[in-house]
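Trainee: Okay, here's the structure, questions in a sec.
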Amino acid sequence: MGVAPTGRRCEPARVRRSTMSHYQFIVDGTPTELVRQAFPELKMTEAPVHGGTSLHGDLPDNAAVRSVLNKLDDLGLSLVEMRQIPA
């Protein structure tokens, strides 16, 4: 235990463990090698039903999901569908 600036004892912060969740992002078209390199944490497969590409994998938290969405936008890719896949 430490001492807070008020002189009170304070408990150490508990570390919140994040649990990975599986996400799928479907984009239009076939990605280039640049796109593959931008998402090393995701696997890419063809999404024939949508005529595009599925990027999928485990992400630790909402910040990681937003990061993927931002990268997709930066690369000019059109997001067709996104979903969290139940474990």
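Trainee: Scan the range 41-51 and tell me whether some residue there is assigned to a loop (DSSP other than H, G, I, E, B) and modelled with pLDDT of 95 or more.
Mentor: Looking for residues that are assigned to a loop (DSSP other than H, G, I, E, B) and modelled with pLDDT of 95 or more, one finds at least one in the range 41-51, hence yes.
Trainee: I want to confirm something. Restricting to the range 70-81 and keeping residues that are over 21 Å from residue 48 (Cα atoms) and in contact (Cβ under 8 Å) with a residue 12 or more places away in the chain, which single residue is farthest from the chain's Cα centre (by Cα)?
Mentor: Ranking the candidates gives 75 first.
Trainee: Moving to a separate point now. For the structure I just gave you, tell me whether residue 34 is loosely packed, with under 12 Cβ neighbours inside 10 Å and in contact (Cβ under 8 Å) with a residue 40 or more places away in the chain.
Mentor: Taking the combined requirement at face value, the residue satisfies it.
Trainee: If we keep just the residues of the range 44-87 that are within 16 Å of residue 31 (Cα to Cα) and among the small types (Gly, Ala, Ser), which is surrounded by the most Cβ atoms within 10 Å (Cβ to Cβ)?
Mentor: Out of the qualifying residues, it is 52.
Trainee: Now for a separate question. Quick check on residue 20: is it loosely packed, with under 14 Cβ neighbours inside 10 Å, modelled with pLDDT under 95 and in contact with a Lys or Arg (Cβ under 6 Å, 6 or more places away or on another chain)?
Mentor: So residue 20 does not fit the description; no.
The values are calculated or read from the model by the stated rules, or taken from the named source; none is laboratory data. Remember, it's a predicted structure, so these values are computed and weren't measured experimentally. Note: ideal-geometry Cβ built from the backbone for every residue, glycine included; neighbour counts use all protein chains shown.
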